[in-house]
Amino acid sequence: MPTTKRTRFIALSAAIAALYAALTYVAAALNLAYGPIQFRFSEALTVLPAFTPAAIPGLALGCFLANLASPLGIVDWVFGTGATLLAALGTAALSKIRWNRLPVLAPIPPVLANALIVGLEVSCLSQAGTFAWSNFSLAAFGAGAFSVGIGELAVCFLLGLPLMAAMEKTGLARKLSA
C-alpha cells in the first residue's frame, strides 16, 4: 500500500474510532450505552465497512475505547470489541449485496453479533455486576440477546440505513471507497 493510501487509511480509521467512542460516551451520559438495554448512537457507524475497509479497525478501536468506561471492565473490552470486529467483517462481506445502490444487508451482522455476544455477557452478570459463567442460564441469555438485539436493530436500521442513503446521495460513499 503506497504511503499516501496508508496514511489516508490510518487517518480515516482514527476518525471513525474517535467518532464511535464520542457517540458512545453521549449514549452513556443518557445511560444507554452499557448493560442489558443499549441504544448506542455509535452503532449507526457499523454500516461503514460496506464503504471502506478503514472502518473495520476504526470501529474495533472505537468500541474498545468506548468500553474502557464499561462497568463490565475487561470482559467488555474483550467481548464487546470482539463483537464489533466480527460485525464489521460481516458488514464488509455483505457490502456487495445492494438494492437501489444501498448495501441493505449491512446492518444485519452488527445486530446478530451484538445480540449473541453482548447478550451472553449480560446473561453472565451477577447481581453485584461481576461476570461469572456460573450465572449463565438460557432464559437470561435469551432475555439479554433480545434486549441488546432490539436496541441494535433500532439503531442500525433507523439510523444506519439513513446514514448510508445520505452517504450515497452526497457522494461520500464513493469518496470513502476510493
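Annotations for the structure displayed:
- Out of THR81, THR91, sole residue that is free of Cβ contacts under 8 Å to residues at least 24 places away in the same chain and either within 28 Å of ALA14 (Cβ to Cβ) or within 20 Å of the chain's Cα centre (by Cα) (or both): THR81
- Close pairs from the stretch 1-22: first loosely packed, with under 12 Cβ neighbours inside 10 Å, partner assigned to a helix (DSSP H, G or I), Cβ under 8 Å, at least 6 apart: MET1/PHE9
- Subset of the stretch 39-77 that is in contact (Cβ under 8 Å) with a residue 24 or more places away in the chain and open to solvent by 60 Å² or more (accessible area, probe 1.4 Å) - its residue that is nearest to ALA178 (Cα to Cα): PRO53
- Test: residue in the stretch 23-41 that is in a helix (DSSP H, G or I), within 11 Å of the chain's Cα centre (by Cα) and not β-branched (Val, Ile, Thr): yes
- Test result for GLU152, of a type in the set (D, E, K, R), in contact (Cβ under 8 Å) with a residue 12 or more places away in the chain and within 22 Å of VAL75 (Cβ to Cβ): yes
- Within the set ARG101, ARG174, the sole residue that is surrounded by fewer than 18 Cβ atoms within 10 Å (Cβ to Cβ) and in contact with a helix residue (DSSP H, G or I) (Cβ under 6 Å, 6 or more places away or on another chain) turns out to be ARG101.
- Within the stretch 119-146, residues that are on the phi > 0 side of the Ramachandran plot sit with their Cβ atoms under 9 Å from residues that are open to solvent by 30 Å² or more (accessible area, probe 1.4 Å) and at pLDDT 80 or above, at 6+ positions apart or across chains, in these pairs: GLY129/PRO71; GLY129/LEU72.
The values are calculated or read from the model by the stated rules, or taken from the named source; none is laboratory data. Given the structure is predicted, the values throughout are model-derived calculations rather than measurements. Glycine also receives a Cβ, built like all others from the backbone with ideal geometry; neighbour counts cover every protein chain displayed. Side chains included, ligands, DNA and RNA excluded: accessible areas come from the protein's heavy atoms. Shrake-Rupley method; radii C 1.70, N 1.55, O 1.52, S 1.80 Å.
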